[in-house]
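This report concerns only the one structure given below.
The values are calculated or read from the model by the stated rules, or taken from the named source; none is laboratory data. The shown structure was predicted, so the numbers you read here are calculated from the model rather than taken from an experiment. Please note: Cβ atoms are built from the backbone with ideal geometry, for glycine as well, and neighbour counts cover all protein chains shown.
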Amino acid sequence: MTADILPYELVINRELSWIRFNERVLAQALDPRTPLLEQAKFNAIFSNNLDEFFMVRVASLQAQQHGQLQRLSRDGRTPLQQLHEIRSQLDPLLELQQQHGCETLRQELRCHGIALLNYQQLTRRQKDWANSYMEHKLLPVLTPAIHECGETFPFVSNLSLNIAALVRDPHHGQQQLIRIKLPKHNTKRFVQLPGGLHGGIRPTPHLIAVPSEQLVAANLQRFLCHKQVEWLGFFRVTRDADLELRELEADDLMQELERGLRKRRIGGEVVRLEVSAAMPDGLVALLMDGMQVKPLDVYRIKGWLGLGDLMELLTIPAAQLKDKAFQGRTTKQLKCSQASMLEDGSIKKQESESIFAVLRRGDVLLHHPFDLFSTSVEEFINQAADDASVLAIKITLYRVSKDSPIISALIRAAENGKQVMALVELKARFDEDNNIQWARQLERSGVHVVYGVMGLKTHTKLILVMRQERTGLRGYVHVGTGNYNSKTATLYTDLGLLSCRQNLIDDAIELFNSLTGYSKQHEYRSLLVAPGSLRQRMQELIQRETEHAQAGRPAAIRAKMNALVDPTIIALLYEASKAGVQIDLVVRGICSLRPGLAGVSETIRVRSIIDRFLEHSRLFWFSNAGAAEIYLGSADWMERNLDRRVEAVVPVEDPGLRCQLEHLLKLYLEDNSSAWQMDGTGRYERCRSAGIERRAQDELMATWPDMLQR
């Protein structure tokens with residue numbers, strides 16, 4: 001079996017698999033064990049995920065459907081078949097989401113003193129205040145757009161929330177369509193009423209808020225003078241947001257990106273029209289006609305549109321309704337100063353030690369957020385920026401936080417006279433604008449900025465520091481699975497390896513030279529790099545396990561990743577399974593492989609972990625007949641990662657660190673609380689056990705730093 005002849009029935013459609021992933025996200029919101037405000041968060045994540053899915057994946061299918069090229073998916077579906085199946089699977093999920101967000105969650109929050117009310121539920125005094133707020137805070141920034149019959153329909157921007165009203169002039173009998181876009185920048189969706197107006201509602205709540213669009217709709221007559229409203233409703237538009245970049249034709253990639261970003265902000269073709277369920281059919285028809293939307297792409301929503309705005313509720317100061325606060329710890333090896341209590345009660349401080357001295361004794365494994373990002377990766381960069389012996393720093397930047405300590409350290413390093421090179425990937429989807437701003441700031445500070453590799457996205461997470469020492473020039477490297485982003489490092493689980501092993505340093509030097517165009521390196525000593533050696537080596541490792549099993553030797557594969565889509569890898573895993581290799585996969589999101597099929601994948605198990613932190617790490621373990629090899633890095637088993645991105649995966653050679661990673665994989669495979677098991681049809685069931693509940697992230701929050709010392 002090869003990727004080219006992989007039968008349709010052995011592949012799960014990637015778009016439908018993604019919907020199953022987002023269904024598991026929604027299940028976190030519906031789970032009564034999830035604290036209420038965290039339920040609001042997962043409901044919002046479900047919405048935000050879906051927005052991106054439509055802007056990119058559905059937009060691509062629609063473009064294929066409307067174009068000349070009708071490509072079949074890996075499971076043999078046409079674009080139109082996929083669009084219809086997406087719709088049929090989304091409808092019940094959207095109904096569940098609305099029932100939760102606009103009914104169940106609101107009722108339960110009300111029991112805890114948080115009242116999210118509709119305008120009609122306000123008392124007279126509360127309405128007076130709300131109307132005044134509308135007049136002074138919202139009205140000045142609203143601009144009604146009038147559409148006359150026969151005229152070009154007014155443009156509706158991407159992801160905007162709008163009011164549509166069909167009005168009639170009583171004197172002339174003329175109808176007009178009025179559209180009002182709700183403000184989003186520097187305004188909140190849910191308007192909070194002052195505490196003095198909480199009376200009149202029983203039981204008296206601690207907080208009352210009302211959706212801003214309802215305040216505008218209730219005061220619509222202020223825009224209409226003597227006109228009469230005949231039809232009224234809310235709607236929201238999603239547009240194609242994929243950027244078309246023609247790098248080979250562009251003299252300046254940054255300028256090309258900026259042109260593309262301006263187009264994205266305006267938006268491409270409408271790919272989804274969401275309307276309030278109560279909107280009259282005639283008004284829906286006017287919107288569909290004006291924006292050229294087909295019936296398949298219209299979604300009637302029974303509750304509030306744009307539930308991604310439920311994320312605002314996390315600002316409510318109600319700790320009892322949120323996850324218990326968690327603060328990661330500094331792994332013992334990197335504590336630059338340690339304090340101990342003496343018998344007389346005084347504190348004895350030891351001399352601080354640099355990270356470089358620590359790494360000369362051996363590699364350090366990091367697992368965020370359980371290991372603090374600030375005292376490990378950020379500290380590594382900070383010490384490099386301030387150390388007089390450091391001559392050069394090189395780094396790849398894919399997604400960076402808005403207020404980045406790493407950017408500040410790189411700028412400081414350049415100001416301190418060090419050679420600093422930053423590869424800023426301008427094509428990181430939905431972070432392009434942010435990365436352009438960082439790139440310009442770095443350039444102004446004297447940092448040598450490279451804008452990625454022609455034709456590829458640079459997705460690898462790599463830092464190289466070169467330091468002049470008594471024994472000569474020595475390098476230090478960090479290879480990770482996650483972005484150098486201080487914010488997501490507290491929200492995502494990611495692995496990283498700090499090392500000064502010479503083979504890794506030599507590889508990192510050559511990889512950076514390749515990224516800057518100095519060389520065209522394809523083979524490396526230890527690093528597995530894509531495109532190039534990574535695919536070949538991963539395929540060889542799977543085939544080696546197959547050969548071990550065929551020879552009667554122990555054979556097993558355990559891997560953790562975000563997505564498994566690559567057809568060649570899937571075909572090799574099927575062959576390994578038929579040979580008897582035990583394969584355990586932890587795949588958070590899309591999985592196109594079918595596990596547990598008789599005669600094909602009987603020894604393959606696939607599970608997904610959805611919990612408080614987004615599982616983002618990639619980890620690959622091959623038993624190798626008892627001489628196990630283990631790798632971590634930035635690449636999933638997807639064609640884009642293996643063939644169209646620059647990725648780096650590093651072998652973990654230290655026996656103690658390998659044991660820790662084996663324990664980590666075992667912990668994820670024994671989770672029976674936040675894990676989901678996948679069956680051969682692509683559906684998932686929660687893992688449940690009558691025994692002791694095991695929840696991987698809870699155990700990691702409690703034990704990970706100590707596990708490293710065992």
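Could you please let me know if residue 535 is assigned to a helix (DSSP H, G or I), modelled with pLDDT of 95 or more, over 21 Å from the mean Cα position of the chain (by Cα) and not aromatic (Phe, Trp, Tyr)?
yes
For region 48-78, which residues satisfy the criterion of being over 27 Å from the mean Cα position of the chain (by Cα) and closer than 16 Å to residue 272 by Cβ?
65, 66, listed by residue number.
For region 422-448, which residues satisfy the criterion of being surrounded by 20 or more Cβ atoms within 10 Å (Cβ to Cβ) and at pLDDT 85 or above?
Within region 422-448, 422, 423, 424, 442, 447 qualify.
Which one of the conditions (1) surrounded by 17 or more Cβ atoms within 10 Å (Cβ to Cβ); (2) among the basic types (Lys, Arg); (3) closer than 25 Å to residue 687 by Cα does residue 77 fail to meet, given that it meets all the rest?
Checking residue 77 against (1) surrounded by 17 or more Cβ atoms within 10 Å (Cβ to Cβ); (2) among the basic types (Lys, Arg); (3) closer than 25 Å to residue 687 by Cα, the one that fails is (3).
Spot the failing condition for residue 620; the list is (1) under 25 Å from residue 459 (Cα atoms); (2) surrounded by fewer than 23 Cβ atoms within 10 Å (Cβ to Cβ), and only one is missed.
Going through the list (1) under 25 Å from residue 459 (Cα atoms); (2) surrounded by fewer than 23 Cβ atoms within 10 Å (Cβ to Cβ), residue 620 breaks only (2).
Of all residues being of a type in the set (D, E, K, R) and buried (at least 16 other Cβ atoms within 10 Å of the Cβ) in region 671-697, which is farthest from residue 496 (Cα to Cα)? Just the residue, please.
Within region 671-697, the match that is farthest from residue 496 (Cα to Cα) is 694.
Which condition number in (1) under 16 Å from residue 19 (Cα atoms); (2) buried (at least 21 other Cβ atoms within 10 Å of the Cβ) is the one that residue 62 fails?
Of everything listed in (1) under 16 Å from residue 19 (Cα atoms); (2) buried (at least 21 other Cβ atoms within 10 Å of the Cβ), residue 62 misses just condition (1).
Just to confirm my filter: which helices (runs of 4 or more DSSP H) fall fully inside region 1-87 and include at least 2 residues that are touching a helix residue (DSSP H, G or I) at 6+ places or on another chain (Cβ under 7 Å) and within 26 Å of residue 309 (Cβ to Cβ)?
Of the helices (runs of 4 or more DSSP H) lying wholly inside region 1-87, those with at least 2 residues that are touching a helix residue (DSSP H, G or I) at 6+ places or on another chain (Cβ under 7 Å) and within 26 Å of residue 309 (Cβ to Cβ) span 14-30, 36-53.
Working carefully through the options 126, 174, 107, 99, find the one that is more than 32 Å from the chain's Cα centre (by Cα), surrounded by fewer than 16 Cβ atoms within 10 Å (Cβ to Cβ) and in the same structural domain as residue 211 (by TED's automatic domain parsing).
That would be 174, the only listed residue that is more than 32 Å from the chain's Cα centre (by Cα), surrounded by fewer than 16 Cβ atoms within 10 Å (Cβ to Cβ) and in the same structural domain as residue 211 (by TED's automatic domain parsing).
Let me spell it out: the conditions are (1) among the hydrophobic types (A, V, I, L, M, F, W, C); (2) closer than 30 Å to residue 577 by Cβ; (3) under 25 Å from the mean Cα position of the chain (by Cα), and residue 541 meets all of them except one. Which number is the exception?
Status for residue 541: all satisfied but (3).
Please give the number of the condition residue 191 fails out of (1) at pLDDT 85 or above; (2) surrounded by fewer than 13 Cβ atoms within 10 Å (Cβ to Cβ).
Looking at each condition in turn, residue 191 falls short on (2).
Report, by residue number, each residue of region 553-580 that is surrounded by fewer than 21 Cβ atoms within 10 Å (Cβ to Cβ), charged (D, E, K, R) and either assigned by TED's automatic domain parsing to the domain that holds residue 495 or not in a loop (DSSP other than H, G, I, E, B) (or both).
575, 578
Determine, yes or no, whether residue 208 is part of a strand (DSSP E or B), closer than 22 Å to residue 230 by Cα and in contact (Cβ under 8 Å) with a residue 40 or more places away in the chain.
Criteria not met by residue 208.
I need the strands (runs of 3 or more DSSP E) fully contained in region 429-507, keeping only those with at least 1 residues that are more than 28 Å from the chain's Cα centre (by Cα) and not polar (S, T, N, Q).
The strands (runs of 3 or more DSSP E) meeting that bar are 448-450, 461-469, 472-480.
Would you mind finding the one in 481, 493, 471, 458 that is out of contact with any strand residue (DSSP E or B) (no Cβ under 8 Å at 6 or more places or on another chain), among the β-branched types (Val, Ile, Thr) and outside the structural domain of residue 644 (by TED's automatic domain parsing)?
Testing whether each residue is out of contact with any strand residue (DSSP E or B) (no Cβ under 8 Å at 6 or more places or on another chain), among the β-branched types (Val, Ile, Thr) and outside the structural domain of residue 644 (by TED's automatic domain parsing) leaves just 471.
Which one of these does residue 156 not meet: (1) over 34 Å from the mean Cα position of the chain (by Cα); (2) under 25 Å from residue 185 (Cβ atoms); (3) surrounded by 13 or more Cβ atoms within 10 Å (Cβ to Cβ)?
Going through (1) over 34 Å from the mean Cα position of the chain (by Cα); (2) under 25 Å from residue 185 (Cβ atoms); (3) surrounded by 13 or more Cβ atoms within 10 Å (Cβ to Cβ) one by one, residue 156 breaks only (1).
Of the conditions (1) within 20 Å of the chain's Cα centre (by Cα); (2) assigned to a helix (DSSP H, G or I), residue 658 fails just one. Which one is it?
Of (1) within 20 Å of the chain's Cα centre (by Cα); (2) assigned to a helix (DSSP H, G or I), only one is false for residue 658: (1).
Here are some conditions: (1) modelled with pLDDT under 90; (2) surrounded by fewer than 17 Cβ atoms within 10 Å (Cβ to Cβ). Residue 205 meets all but one. Which one does it not meet?
Answer for residue 205: the failing condition is (2).
So residue 403 fits all but one of (1) under 30 Å from residue 53 (Cβ atoms); (2) crowded, with 18+ Cβ neighbours inside 10 Å; what number is the exception?
(2)
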